[in-house]
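Student: Quick one: structure below, then a few questions.
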Amino acid sequence: MGDFNLALVIVAIVVCVLVFIFNLYLLVNYQHPDDANQAYFPKFVVVLGLSVAAISILMLPADVANRQACRHAIYNGACNLTLPMKDLWLAIYIIDAILVFFVIPFAMFYYEGDMDNVWKRMKSALLWVITTAIVCALVLGILYGLVGKVDFTVRHLSSSTEPFPSTWGLTRGQQCVGSGARQCSAYSASASSETTWTMRTTFPEYVVALATIAGSVLFTIFGGVGIACLPLGLIFSFIRRPKAVITRSQYIKEATELSKKARELKKAADALHQEERSGSKGRKWRKNVKAVEKELLLLEEDVKALEEMYPQGEKAEASWAMTVLGYLAKLVLGVLGLIVSVAWIAHIVIYLLIDPPISAFLNEIFIKLDDVWGLLGTAAFAFFCFYLLLAVIAGAMMLGLKLVFITIHPMKWGATLMNSFLFNVGLILLCSISVIQFCATAFAYYAQATAAQEIFGHTLQSLRGIKYLYKYNVFQIGFIVLAGLTFVYYSAFGWRRKKPSGRFQLST
């Protein structure tokens, strides 16, 4: 057992280092050239946030492996010598909550500050964060004082004292020892034996629970939409791909149209900038800013598509070949993603929504993969969890393009500003808590007897005022409904080519 724990610690340290290096690589390659050699604090927050999110998801497979360390021990208390996973869970999610509600907002306010003076920007950002901290502290304190308790439903069983029998004689009709025993079996006990055992939860667990609820709302909306649009978007991108290189005259015609639209967007942006200087930043102004951002994103996509259809330079043929291979890769990834999405939806229906479950499904697959090779089931489990996070980002992008009141923050290779980075990191961190809770529930058979089950299974689902959301599967049902509606929408309209939106106009 000691060797197993040592190996687990070494693997955990190596994985953490690799996660940090990979996130640093993402930051360097995705950052906008304007942010090069500056904005070091937001960059540090981005790398730290992405690392915490990735490690939090990888902790559930580590929790399962940690449980197996004392499974074959021959003495009591062996599990006390394993890694303190419950303390690690609470620590990682307290850090998660601090980053989401305090550090990332401060970094965004500081980065987007209009003042040239660094201290004034820090002062403005601190005022916003302190105000947010006071409000959050008051809300958490009041809620914890009033309803920060867990209500466990238990059965009160009792039995009279009986001499040790020579034969047990237990049957389905007689489940207690001796004729005078009463209610010693939960199966034969009356309904009146049920009672509620109430105790106050710890404050860190309550903070994790409320953060999970906030993340579950976003996860249900964005994840439900994203689990359908992520694979279908890749597949339909292949269907709408350019079939051949266009002629020079066609290129000039399309480029002229795009330049006209670009001039209209620049004119609209200048007008909005003038309104901002005059101080008239109302609701319509913010609505118009978001409209310009979305039109600019669509324009950039049109420019990229035009460059794909008419490659130029000495390596034009090689560029076209890479474009074709890229769309083939999207098709393959889309088909694989569609299989994973269907597997997720099927698992939720047959294991979570149907009572009793028809089958353990993915739980059994992970266990069989573990039997083949120790880390194979763990790797598959981690992949399914990470896939949900990718679905959240895809859903946020899709709804951001369709709904005016949702701000879009696209992640682009070599062209991502720090505010978009920070927004997506905050979204990932907030939803990562819900992803872990969702996976701990969906894979309860695979992750049984773990510290995550204790926190996210028993305590969270018994919290006063919150337990009904989980008792009636509100989030799972909402996830399935949104996924189904998105599948129908994409199947009906996703394969069509995007039509030009005409002249761009702002609301007056």
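The values are calculated or read from the model by the stated rules, or taken from the named source; none is laboratory data. As the structure is a prediction and not an experimental result, all values here were calculated from the model. Every residue, glycine among them, receives a Cβ derived from its backbone with ideal geometry; neighbour counts consider all protein chains shown. Just the protein is used for accessible areas: all its heavy atoms, side chains included, with ligands, DNA and RNA removed. Shrake-Rupley method; radii C 1.70, N 1.55, O 1.52, S 1.80 Å.
Student: Under a 1.4 angstrom probe, counting protein chains only, how are Trp373, Trp89 ranked by accessible area, largest first?
Tutor: Greatest to least solvent exposure: Trp373, Trp89.
Student: Enumerate the amide H contacts of Arg155 below 5 Å, restricted to partners 5 or more residues apart or on another chain; note that Pro and chain-start residues carry no placed amide H.
Tutor: Thr195
Student: Here's another thing I want to ask about it. Any chance you could check the Cα centroid distance between segment 214-233 and segment 196-212 for me, in angstrom?
Tutor: That distance is 27 Å.
Student: Oh, and also: In nm, to one decimal, how far is the Phe102 label point from the Asn37 one, both placed 7 Å along Cα→Cβ?
Tutor: For the pair Phe102/Asn37, the computed spacing is 3.5 nm.
Student: Ok, one more. Using a simple spin-label model with points 7 Å from Cα along the Cα→Cβ vector, what separation in nm is obtained for Val324 and Ile339?
Tutor: Placing both labels 7 Å along Cα→Cβ, they lie 2.6 nm apart.
Student: Would you please give the FRET efficiency between Leu143 and Arg240, computed as 1/(1 + (r/R0)^6) with r the Cβ-Cβ distance and R0 = 60 Å, to the nearest 0.05?
Tutor: Between Leu143 and Arg240 the formula returns 0.80.
Student: Test of understanding: what is the full-extension gain from Ala316 to Val28, defined as 0.36 nm times their sequence separation minus their Cα-Cα distance?
Tutor: Net length gain for the segment: 100.9 nm.
Student: When ranked by the protection proxy of mean other Cβ atoms within 10 Å per residue, highest first, what sequence do the peptides 91-103, 215-227 form?
Tutor: Descending packing order for the listed peptides: 215-227, 91-103.
Student: Suppose R0 equals 51 Å; then what is the FRET efficiency for Ile252 and Val481 from their Cβ-Cβ distance, rounded to the nearest 0.05?
Tutor: 0.60
Student: Let me ask something else. Rounded to the nearest 0.05, what FRET efficiency do Ile21 and Phe152 have when you use their Cβ-Cβ distance and R0 = 41 Å?
Tutor: Once the sixth-power term is evaluated, E becomes 0.40.
Student: Order of 344-353, 194-203 by packing, highest average Cβ count within 10 Å first?
Tutor: Peptide ranking by packing, descending: 344-353, 194-203.
Student: Go through segment 22-38 residue by residue and turn each phi into a ³J(HN,Hα) via Karplus (6.51, -1.76, 1.60, θ = phi - 60°); whole Hz please, and just put x for glycine and proline.
Tutor: Each residue's phi maps through the Karplus curve to give 5, 5, 5, 5, 4, 4, 4, 8, 9, 5, 6, x, 5, 9, 5, 6, 7 Hz.
Student: Give me the net charge for the shell around Asp270: Cβ to Cβ below 12 angstrom, other residues only, Lys and Arg +1, Asp and Glu -1.
Tutor: +1
Student: Turning to a different aspect of this structure: Give me the distance in nm between label points sitting 7 Å out from Cα along the Cα-to-Cβ direction at Glu364 and Val14, one decimal.
Tutor: 3.4 nm
Student: Can you tell me the length gained on complete extension of the stretch Glu301 to Ala133, counting 0.36 nm per residue apart and subtracting the Cα distance?
Tutor: 56.5 nm
Student: To the nearest 10 square angstrom, how much accessible area does Lys281 have with a 1.4 angstrom probe?
Tutor: Here the accessible area works out near 100 Å².
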